[in-house]
1. Give me the pairs, please: first residue somewhere in the range 142-168 and closer than 18 Å to L53 by Cβ and more than 10 Å from the ligand (Cβ to nearest atom), second residue anywhere and aliphatic (A, V, I, L, M) and part of a strand (DSSP E or B), beta-carbon distance under 7 Å, and either six or more positions apart or on two chains.
2. Taking the options R124, R120, name whichever one is touching an Asp or Glu at 6+ places or on another chain (Cβ under 6 Å), touching a residue at least 12 places away in the same chain (Cβ under 8 Å) and within 14 Å of the ligand (Cβ to nearest atom).
3. Identify the residue in the range 147-194 that is modelled with pLDDT under 95 and touching an Asp or Glu at 6+ places or on another chain (Cβ under 9 Å) and, among all such residues, is surrounded by the fewest Cβ atoms within 10 Å (Cβ to Cβ).
4. How about the range 21-117: which helices (runs of 4 or more DSSP H) wholly inside it have at least 1 residues that are away from the ligand (no atom under 12 Å from the Cβ) and more than 21 Å from F182 (Cβ to Cβ)?
Amino acid sequence: MRLILLGAPGSGKGSIADMIQQKYNFPKISTGDLLREAVKRQTEIGIKASAQLGKGKLVDDDIVIALLKERLSQDDCRQGYILDGFPRNVSQAVNLKVINEQKNEIVFFIETSEEVVIKRIMSRLTCSSCGAIYNIYTKPPKNNLVCDVCGGQVGQRQDDKPEVISERIRTYHKDTLPLVAFYESSGHFYRIDGNGTRDEVFAQIEHVLDKAMFRKGPVKDQDSL
Ligand code: AMP
């Protein structure tokens, strides 16, 4: 299954992708994580991306698509994957169709109010080594600012700072929201209420995926998912 999570920054895509990965065993692929990793390792792509990352605008399509293509060619993606943060505009969605050889994608659009999104971003902490996501109030790391998963340093991401958040939200409205119209008529598009707790949001996705996996429900063209 090729799963796509659409939603504003702070809509919970990353945490929900983690939960899907854990239950269904598809790898989570976050283009934000891939970019941050490339920058950290100072690869050729990382050097190109570093000037654009962290400012709230989209990194150039050719950079992100090259990273994604390379990641999707790895063995663990053969049975499917969960995309977190890709596509971010219509041109990327068209490119993804080509990479996927026009096979169907299941798209979850996580809808959240602007108030919820801003509150979540402001309270989000991220591990700078493995990308694990925490929340200052509801899910702090157990040991101060040390990552529970890898022991790395946990802190606020550069682009989660207030001065960058409004730019990210503007970019989302301009570039990413048109993807709703792009996917809406595909037959595999699901609107998810993202304002509740992580468990409440995940339950809605689980409902769709369980039906698709066990081939009982209304998901259309299941053989091709
Ligand atoms: P994220 O971790 O998904 O919030 O992404 C962090 C930043 O990485 C974004 O604000 C963009 O600058 C960049 N980025 C991540 N995914 C993409 C993408 N698909 N296209 C362009 N830029 C991206």
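1. Within 7 Å, the pairs are G155/L125; Q156/L125.
2. Values: R120 fails: touching an Asp or Glu at 6+ places or on another chain (Cβ under 6 Å).
Of R124, R120, the one residue that is touching an Asp or Glu at 6+ places or on another chain (Cβ under 6 Å), touching a residue at least 12 places away in the same chain (Cβ under 8 Å) and within 14 Å of the ligand (Cβ to nearest atom) is R124.
3. If we take residues in the range 147-194 being modelled with pLDDT under 95 and touching an Asp or Glu at 6+ places or on another chain (Cβ under 9 Å), then G187 is surrounded by the fewest Cβ atoms within 10 Å (Cβ to Cβ).
4. On the way: elements: 31-41, 44-50, 61-72, 90-99.
Correct list: 31-41, 44-50, 61-72.
The values are calculated or read from the model by the stated rules, or taken from the named source; none is laboratory data. Nothing here was measured: the structure is a model prediction, and the numbers come from that model. When we count neighbours, we look across all protein chains shown, and the Cβ atoms used for this are built from the backbone with ideal geometry, even at glycine.
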